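Only one structure is covered here, and it is reproduced in the block below.
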Amino acid sequence: MTETSVTSESISLSAEVRQENLQKLQDQQFDILVIGGGITGAGIVRDAALRGYRTALIEKDDFAAGTSSKSAKLVHGGFRYLKSLEFGLVHEALMERKTLLDIAPHLVRPIQCLLPIYKTDADPSWMIHLGLFLYDWLSFTKSIGRHQMISKKEIEEIEPLLRKEGLQQIAQYYDCQADDFWLVMANLQSAAQNQAIIANYVKAVDILKEDGKVVGIQAYDSITDTSISIRSRVVACAAGPWSDQLRQNLLKDTQQGLRQTKGIHLIIHRDNLPINYPVVGPAVQDRRPIFAIPWKKFVVLGTTETDYDGDPDRILTERSDVDYLLVAFNHFFPNAKLNYDHIVSTFAGLRPLIFETGKDASSVTREYQILEDHQNFFMITGGKLTTYRTMAKAMIDRLSKHLKSSFGISPTNPDCVTDKLPLYGGDIPDYPQFFDDWTKTLTHKYNFDLEIAEHFIETYGSRIPDLLQAIQETADGQERMLPNLPYVWGELKYALKYEITMTLSDFLIRRTHLFSLDPKQALDIHESVANRMGKYLGWSKAEKQAQIETYKSKIKIIQYFREEQ
Ligand SMILES: Cc1cc2nc3c(=O)[nH]c(=O)nc-3n(C[C@H](O)[C@H](O)[C@H](O)COP(=O)(O)OP(=O)(O)OC[C@H]3O[C@@H](n4cnc5c(N)ncnc54)[C@H](O)[C@@H]3O)c2cc1C
């Protein structure tokens with residue numbers, strides 16, 4: 001048995017590399033500068049780098065700190081969009097589902113969703129059946145499995161917790177689930193492997209102009225408290241929910257391009273809702289589709305969709321949001337009797353949808369658009385996590401034309417190859433074999449338990465050797481950080497070395513999900529993590545305290561509903 005399937009080189013993304021990147025941002029002339037390190041920006045910078053453009057990306061917060069770590073984590077065609085006849089969008093998303101499964105098999109996994117059909121539902125079962133035929137068919141040659149209809153009799157065995165009253169039939173169909181943060185990170189690491197310069201905590205604050213044309217961005221690095229001028233032929237803005245704000249601040253353009261809708265999710269322990277499959281169905285209150293999705297030892301319940309015009313940097317989980325989901329899921333699973341005590345944590349995000357009037361929030365299209373807002377300044381809005389790669393391709397195709405016609409610049413590799421090359425950690429030709437081999441190696445040779453072994457495989461993929469090295473370099477590297485979750489102390493070293501981890505929140509919220517999965521939001525270990533990070537990153541006592549305070553303020557945001565008056 002071989003221990004690895006590693007074919008690509010490790011890419012170091014430490015605080016030192018970030019510092020070098022800041023210097024390069026200042027010194028070099030780029031072809032494409034991307035603003036925004038969510039999934040859209042990460043996809044764009046990877047595509048640009050793979051085509052051979054001199055490329056950089058700046059993110060004002062941490063990577064994926066915006067919407068891209070707050071999604072329902074579904075890589076899906078979007079069955080419900082068939083009803084609004086968005087066949088093109090559904091087809092594209094279904095094709096992407098398989099592409100992402102191929103290029104990141106460790107991060108994306110197929111799931112079998114259950115769609116219960118009740119007598120009182122608006123859509124009869126024949127219509128759902130027909131819709132799912134179409135859904136399967138639209139995936140063409142990239143099918144990951146065909147749907148089937150399950151009788152009421154069989155359901156007791158399959159999903160005993162589901163409401164039986166009025167139940168007629170159940171449809172079972174395939175989609176995929178992915179960890180959104182890791183998908184962003186893998187795109188960024190792939191981009192960095194191909195010479196892209198990336199930095200978090202660098203905010204675009206102004207545009208640089210010459211002869212009325214955009215020639216770059218004035219940016220601010222909040223870690224070192226310094227300003228930097230970044231020169232680039234074109235700027236590609238992928239600022240998600242901040243797009244209108246950015247257009248206003250940078251271009252003094254007040255037109256509304258976005259329809260922002262807020263969506264919250266609840267995380268509960270699976271012991272409190274021991275479902276076997278993801279369950280999808282209409283909420284009893286308003287017939288909007290909602291999901292209960294098993295995720296590790298937990299279940300993610302979501303989502304709401306309400307118009308939002310508040311601060312995109314502070315999206316509170318309000319009591320009305322939580323109550324809506326509890327009522328809806330208690331209707332589906334009446335014996336679970338879910339209440340506030342069952343909620344481990346919540347997360348809230350904003351969908352950066354294209355501005356459309358006259359539609360209710362959940363009917364707004366998930367299509368995307370690319371606009372040239374000023375000469376050399378392009379903006380992309382809309383879309384979904386699932387279709388980020390095709391959005392990025394469309395953006396780079398457009399920028400390529402512009403770079404050629406305005407600057408005579410052609411890429412070294414004109415074709416998009418992001419669907420053919422694996423993402424960082426995803427160079428795994430035979431995933432089932434890889435899974436088996438590494439499970440044996442990690443449990444037998446390294447003495448990790450199965451839960452930890454699976455966590456490593458599904459997070460780090462082919463980068464496991466780098467992780468094992470980081471674990472070896474940490475005195476208690478192999479020990480669990482908290483008894484009930486599979487994160488070990490060695491992962492901190494890995495995060496600092498390979499994932500530009502700059503703050504306590506970066507590590508506890510995103511590099512691990514301790515913030516979301518521990519009922520105490522990791523408050524038993526946050527000081528110890530801060531001490532270790534502080535040593536590595538050279539924090540003063542005051543800086544360490546500030547890190548802790550910022551982290552605690554984020555807990556208040558996700559637990560706001562408990563104290564709301
Ligand atoms: C509740 C919810 C559930 C969802 N579920 C799914 C799902 O299951 N499947 C699916 O396919 N899609 C889903 N989506 C949609 C998907 O999550 C989004 O379309 C996607 O994450 C948007 O990514 P983005 O990169 O465009 O925006 P973001 O992730 O928000 O990224 C924009 C980034 O720009 C940065 N930025 C802003 N201003 C500046 C500046 N001045 N300088 C530098 N950086 C800046 C921000 O900090 C932010 O990180 C869901 C969305 C929501 C809200």
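The values are calculated or read from the model by the stated rules, or taken from the named source; none is laboratory data. Just so it is clear, the structure is predicted and the values come from calculations on it, not from any experiment. Neighbour counts run over all protein chains shown; Cβ positions are idealised from the backbone, glycine included. Heavy atoms of the whole protein, side chains included, go into the accessibility calculation; ligands, DNA and RNA do not. Shrake-Rupley method; radii C 1.70, N 1.55, O 1.52, S 1.80 Å.
Could you pull out every one of the lysines with an alpha carbon less than 18 Å from that of Lys393, ignoring same-chain neighbours closer than 8 positions?
Cα-Cα hits under 18 Å: Lys98, Lys384, Lys401, Lys404, Lys420.
Using a 1.4 angstrom probe on the protein heavy atoms only, line up Lys554, Lys83 by accessible area, largest first.
My answer, sorted largest first, is Lys83, Lys554.
Quick check: the distance between the Cα centres of segment 234-271 and segment 508-555, to the nearest angstrom?
Cα centres, segment 234-271 to segment 508-555: 26 Å.
Round to a whole angstrom and tell me the spacing of the C-alpha centers of segment 427-454 and segment 278-296.
One Cα centre to the other: 32 Å.
Mind listing which trypsin sites (Lys or Arg not before Pro) in segment 339-441 are in a DSSP loop and have 16 or fewer other Cβ atoms within 10 Å?
Counting only loop positions with at most 16 other Cβ atoms within 10 Å, the trypsin sites (Lys or Arg not before Pro) in segment 339-441 are Lys359, Lys420.
Any idea of the accessible area per residue across the chain, 1.4 Å probe, to the nearest Å²?
40 Å²
Which percentage, to the nearest 5, of the DSSP beta bridges contained in the chain is antiparallel?
80 percent
Take peptides 233-245, 486-498, 44-56, 128-140 and line them up by average Cβ neighbours within 10 Å, highest first, as a rough protection proxy.
Values: 233-245: 24.9, 486-498: 22.5, 44-56: 26.6, 128-140: 17.1.
With the highest mean Cβ count within 10 Å placed first, the list reads 44-56, 233-245, 486-498, 128-140.
Report, to one decimal in Å, the Kirkwood hydrodynamic radius for segment 84-162 based on all distinct Cα pairs. Walk me through the numbers on the way to the answer.
On the way: mean 1/r = 0.0689 Å⁻¹.
About 14.5 Å, per the Kirkwood formula over Cα pairs.
With the Cα gyration tensor of segment 431-563 in hand, convert its eigenvalues to equivalent ellipsoid semi-axes via √(5λ) and list them largest first in whole Å. Mind showing how you got there, number by number?
Working: eigenvalues 156, 60, 28 Å².
After scaling each eigenvalue by five and taking roots: 28, 17, 12 Å.
With Cβ to Cβ distances under 12 Å as the rule, what net charge do the other residues near Ile315 carry (K, R +1; D, E -1)?
So the surrounding residues net to 0.
What size of dipole, in debye to the nearest 20, comes out for segment 431-563 about its Cα centre when the only charges are +1 on Lys and Arg C-beta atoms and -1 on Asp and Glu C-beta atoms? List each step's numbers first, then the result.
Numbers: 17 positive and 19 negative charges, 101 e Å.
Its charge dipole is roughly 480 debye.
Roughly how many debye, to the nearest 20, is the charge dipole of the chain about its Cα centre, given +1 on each Lys and Arg Cβ, -1 on each Asp and Glu Cβ, and no other charges?
The calculated dipole for the chain is roughly 540 debye.
Using packing as a proxy for protection, rank 147-154, 70-77, 182-189 so that the peptide with the highest average count of other Cβ atoms within 10 Å comes first.
In decreasing order of mean packing, 147-154, 70-77, 182-189 become 182-189, 70-77, 147-154.
Which of the lysines could a cross-linker bridge to Lys119, judged by Cα under 24 Å and excluding same-chain residues fewer than eight apart?
Excluding near neighbours in sequence, the set is Lys83, Lys152, Lys153, Lys164, Lys337.
Find which of Gly240, Ile207, Ile268 sits farthest along the positive direction of the dipole of segment 204-310, computed with +1 on the beta-carbon of Lys and Arg, -1 on that of Asp and Glu, about the Cα centre.
Of the listed residues, the answer is Ile268.
Given the C-alpha atoms of the chain, compute the convex hull and give its volume per residue in Å³.
With only Cα atoms used, the chain gives 153 Å³ per residue.
State the extension gain, in nm to one decimal, for the chain segment bounded by Asp415 and Lys142, taking 0.36 nm per residue of separation less the distance between their alpha-carbons. It would help to have the intermediate numbers written out before the result.
Details: separation 273, 0.36 × 273 = 98.28 nm, distance 2.15 nm.
So the chain would gain 96.1 nm between Asp415 and Lys142.
Once neighbouring chains are kept in place and the probe is 1.4 Å, which whole percent of the accessible area of the chain is contributed by carbon and sulfur?
For the chain, the apolar C and S fraction of the accessible surface comes to 50 percent.
On the Cα set of segment 267-354, report Rg and Dmax in Å, please.
13.2, 40
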